[in-house]
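This report refers to the structure that appears directly beneath it.
Computed from the coordinates by the stated procedures, all read-outs in this text should not be read as laboratory data. Worth saying up front: this structure is predicted, and the values here are computed from it rather than measured. So basically every Cβ, Gly included, is an ideal-geometry build from the backbone, and we count neighbours across all protein chains shown.
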Amino acid sequence: MQRYVELDLSGKILRGIEHMPENNKQLPLPIAVILPGMDGTKVGPHRLFTELSRRLAGLGIASIRYDFLGGGDSDGPTEDVTLTGQICQTIAIIENVVHDVRFDREQLYVIGFSTGGYVASIAASQIPYSVKRLVLLSPVLNSADVVNGLLSKATRETRYVDYLGNRLSVESILDWRQPRPESLYGRPDIYPLVINGAADRLVPPSIIKQFCDDVYKKI
């Protein structure tokens, strides 16, 4: 069972989809928050998040997936998408979920794809709630490299960059040049699952290995 949902953030609306198991009489339910990448939507590449949500529902796990502001069906212009903004939105989504009596806050999963994995790592370190599992799918943990590549395409005249068909301002790109998650990560109680392709060219496996060695020594 799925339904359209909205979350009002100071007058700007996040729009998303909530999935519930068909037999959901035994509340509260485990809940997964799914985060897309900077240029992505709640559907995901190849409908990844849609299929993932449906499979989770089949396993008795509810899920919710929003478009970030500036993406998909949510409010806001694309050029103003920032790391700071997406972290704040993620925390607001989690706050809304854990105060929903239908969901078990002790069984909270946070799943982030691409830059959504980067956002998930930082947001998970800042919330006052336990995260049963943090799942990072091809997380962009080398954001400085990505930012430098994007900035090289900007011109003084436009101050904008075309990124996969989306217009990003130089100011919004610079906001992504923040400390890597390990400098903010203070939650030894969270055991992450990091999944990355061996042939990933945007985030090479060496970046993932270094991240795991530095931060998640318990893996």
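Test of the criteria: in segment 38-127, which trypsin sites (Lys or Arg not before Pro) are in a DSSP loop and have at most 12 other Cβ atoms within 10 angstrom of their Cβ? Hits after loop and neighbour filter: nothing returned.
Residues whose amide H lies under 5 Å from that of VAL135, counting only those 5 or more places away or on a different chain, are VAL110, ILE111, GLY112, LEU193; hydrogens are built 1.01 Å from N in the peptide plane.
Measuring r between the beta carbons of ARG55 and ARG159 and using R0 = 45 Å, the FRET efficiency lands at 0.60. Residue ranges 119-131, 17-29 sort as 119-131, 17-29 when ordered by packing (mean number of other C-beta atoms within 10 Å per residue, highest first).
Built from the Cα atoms of segment 17-91, the convex hull projects on average onto 5.2 nm², one quarter of its surface area.
Working note: Karplus 6.51/-1.76/1.60 with θ = phi - 60° gives segment 199-205 the couplings 9, 5, 8, 6, 10, x, x Hz, where Gly and Pro are set to x.
Close amide H contacts of GLY70 (hydrogens built in the peptide plane, cut-off under 5 Å, sequence separation of 5 or more or a different chain): ASP75, GLY76.
Across segment 93-101, coupling constants 3J(HN,Hα) worked out from phi with the 6.51/-1.76/1.60 Karplus curve, θ = phi - 60°, read 4, 5, 4, 5, 5, 6, 9, 8, 5 Hz, and Gly and Pro carry x.
First measure r as the distance between the Cβ atoms of TYR4 and GLU171, then evaluate 1/(1 + (r/R0)^6) with R0 = 22 Å and state the FRET efficiency to the nearest 0.05.
0.10
Close amide H partners of LEU9, meaning residues 5 or more places away or on another chain with modelled amide H under 5 Å apart, are LEU14. Across segment 37-46, computed HN-Hα scalar couplings (Karplus, 6.51 cos²θ - 1.76 cosθ + 1.60, θ = phi - 60°) run x, 4, 9, x, 9, 5, 7, x, x, 6 Hz from first to last residue, x flagging Gly and Pro.
Take every Cα pair under 8 Å whose residues are at least 6 apart in sequence, average their separation, divide by the length of segment 1-103, and the relative contact order is 31 percent.
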